[in-house]
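Everything below concerns the one structure shown next.
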Amino acid sequence: MIVAMQENATDEQIQHVVARMVEVGFNVHRTTGAVQTILAGVGRPGQFDHKDFELLGGVAEVIRISSPYKLAGRNFRPGGTIVTFPNGVKIGGDEVVVMAGPCSVESREQIFLSANQVKAAGAKFLRGGAFKPRSSPYSFQGMGLEGLKLLREVGDETGLLIITEVMEISQIEVMLPYIDCFQVGARNMQNFNLLRELGQVRKPILLKRGIAATIEELLLSAEYILAGGNYDLMLCERGIRTYETYTRNTMDISAIPVIKHLSHLPIIADPSHGTGRRDMVPAMARASVAAGADGLIIEVHPNPEKAVSDGAQSLFPEQFSKLMDELRIIAPAVSRTIAEPAAVPVA
Ligand code: PEP
Ligand code: MN
């Protein structure tokens, strides 16, 4: 931390700031220039809020140098994290891994059909919510345990990995036998008790960025999970709330290179929630791959017009398959690969 003192700071004020810096654990290097005094704090301070220093008498500016997250920062693993799943699928390596499926599990027929359609196009994961965080309590809340059972069954049958959302601590145990990856939704990004519990499980986690969260807040939430010892963690950019209303959220493509720079964790892009509009999803998916995303999570529904949730942003299966073809052209331009279409039994 660097503390720049005001030009007219008194020696007493400077001594007080030095004493406070020493108190929190810094070694202080003092430089007295022609205009102002600069105090550089080095070493390993304990817990403190750098903003406290801004309020001390005679202080002009406080510059924080070390990041508040330690385990999530790139320095912790400069080579990057690769999350490996039991079937060998890796996220964070050369391949851009695609997760796709409906917003919600709605019925046996719907989830089996979805799985076959997304697998045929090259997806490696099936997504689908069994527990749904809905803005209105009167909207469909998900199939719950029955939905989890359907997901496991279709996962075993197709070989697709299963990712689905966990909303509260009590669901963790229930979900463990049925899923391959926990999704923490945007609304729960700062549910710190849930994050702490997920730090204790040994199953991969996709942590979505909160609706109004800064990248630093996302990385601090990641820190909760990492601090518990669960390093199989991926982050997700899913759009943030801005003053723009044309799209449901504003897809922050720049978050992708920023997170790659700040953190070793893989970053997945969700252009479906990022835009809320089916007609905008392919463009944002293409942009995300070009920007360096390690994976995509995309809503696809066999009949989006009849979807019980997020139909407007769900791709028709043919659109998804066309998008995958386009991504296969873009990925090599940024030294990445995407899976080829897969053979699936004719339904
Ligand atoms: C979802 O994936 O369907 C979902 C609810 O996402 P988010 O938490 O990003 O809104
Ligand atoms: Mn959704």
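Result for the chain in a Gaussian network model with C-alpha springs under 10 Å: among Gly228, Gly33, Gly93, the largest mean-square fluctuation is at Gly33. When the Cα positions of Asn8, Phe53, Ile63 are compared along the charge dipole of the range 2-66, Ile63 comes out farthest toward the positive end, with charges on each C-beta of Lys, Arg, Asp and Glu.
Value of Rg to Rh for the range 209-256, rounded to two decimals, is 1.06; Kirkwood radius and Rg both from alpha-carbon coordinates. Relative to the Cα centre, the charge distribution of the chain, modelled as +1 at Lys and Arg Cβ and -1 at Asp and Glu Cβ, gives a dipole magnitude of about 340 debye. Mean residue ellipticity, 222 nm, helices only, the chain: the sum of -39500 (n - 2.57) across DSSP H runs of n ≥ 4, divided by residue count and rounded to 500, is -10000 deg cm²/dmol.
Straight-line reach from Lys124: taking Cα to Cα under 12 Å and skipping same-chain neighbours fewer than 8 places apart, the aspartates and glutamates in range are Glu95, Asp180, Glu340.
Springs between Cα atoms under 10 Å define the GNM used for the chain, and in it the highest mean-square fluctuation of Arg238, Arg20, Arg248 occurs at Arg20.
Extending 7 Å from Cα along the Cβ direction at Ser107 and again at Glu305 yields two label points whose distance is 1.7 nm.
The residues of the chain have, on average, 45 Å² of accessible surface per residue, using a 1.4 Å probe with all protein chains present. Heavy-atom accessible area, probed at 1.4 angstrom with all protein chains present, ranks Glu326, Glu237, Glu54, Glu12 as Glu12, Glu54, Glu326, Glu237, highest first.
Build a GNM of the chain with springs between Cα atoms under 10 Å apart, and of Ala291, Ala227, Ala333 the one that fluctuates most is Ala333. For the pair the range 213-278 and the range 311-347, the centres of their Cα atoms are 22 angstrom apart.
Residue pairs exceeding 30 angstrom between C-alpha atoms, taken from Lys132/Lys322; Lys90/Lys322; Lys70/Lys149: Lys70/Lys149. Considering only beta bridges that DSSP places wholly inside the chain, some 40 percent are antiparallel. If you line up the long axis of helix 145-158 against the longest principal axis of the chain, both from Cα atoms, how many degrees apart are they, to the nearest 10? That helix lies at roughly 70 degrees to the long axis. A cut-off of 5 Å between modelled amide H atoms, ignoring neighbours fewer than 5 places along the same chain, links Gly129 with Ser104, Val105. Evaluating 6.51 cos²θ - 1.76 cosθ + 1.60 at θ = phi - 60° for every residue in the range 65-74, the Karplus couplings come out as 9, 7, 7, x, 9, 10, 6, 7, x, 4 Hz, glycine and proline recorded as x. The angle between the Cα long axis of helix 317-333 and the main principal axis of the chain comes to about 50°, on a 0 to 90 degree scale. Beyond 32 Å, what share of the Cα-Cα pairs of the chain remains, rounded to the nearest whole percent? That tail contains 36 percent of the Cα-Cα pairs. How many percent of the alpha carbon pairs in the range 210-315 exceed a separation of 21 Å? Percent of Cα pairs beyond 21 Å in the range 210-315: 37.
If only the Cβ of Lys and Arg carry +1 and only the Cβ of Asp and Glu carry -1, the dipole of the range 189-245 around its Cα centre is close to 220 debye.
The values are calculated or read from the model by the stated rules, or taken from the named source; none is laboratory data. A quick note: this is a predicted structure, and the numbers were derived from the prediction, not measured. Quick reminder, even Gly has a Cβ in these numbers, built from the backbone with ideal geometry, and neighbours come from all protein chains shown. For accessibility, only protein heavy atoms count, side chains too; no ligands or nucleic acids. Shrake-Rupley method; radii C 1.70, N 1.55, O 1.52, S 1.80 Å.
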